[in-house]
Amino acid sequence: MMINKFKLLILTSLVTVLTLVAHISAASACLAVHYQPELPETLKKY
């Protein structure tokens, strides 16, 4: 019984940490998606 509670605690902690890492990774990637550099004048005529 004690081992099952320990497994549940470990798995819950692992899921929490992995969710946090995924959230941080997604948040940092979103900043790069919104970045759009200015178009050079030579390309604007095309």
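The values are calculated or read from the model by the stated rules, or taken from the named source; none is laboratory data. Computed from a prediction, not measured in an experiment: that's the story for all the values here. These area figures cover heavy atoms from the full protein model, side chains too; ligands, DNA and RNA do not enter into them. Shrake-Rupley method; radii C 1.70, N 1.55, O 1.52, S 1.80 Å.
What the table below lists for this structure:
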{"item": "Stretchable slack from residue 23 to residue 9, in nm (0.36 nm times residue separation minus alpha-carbon distance)", "result": "2.9 nm"}
{"item": "Surface accessible to a 1.4 Å probe, residue 21 within the full protein complex, Å²", "result": "80 Å²"}
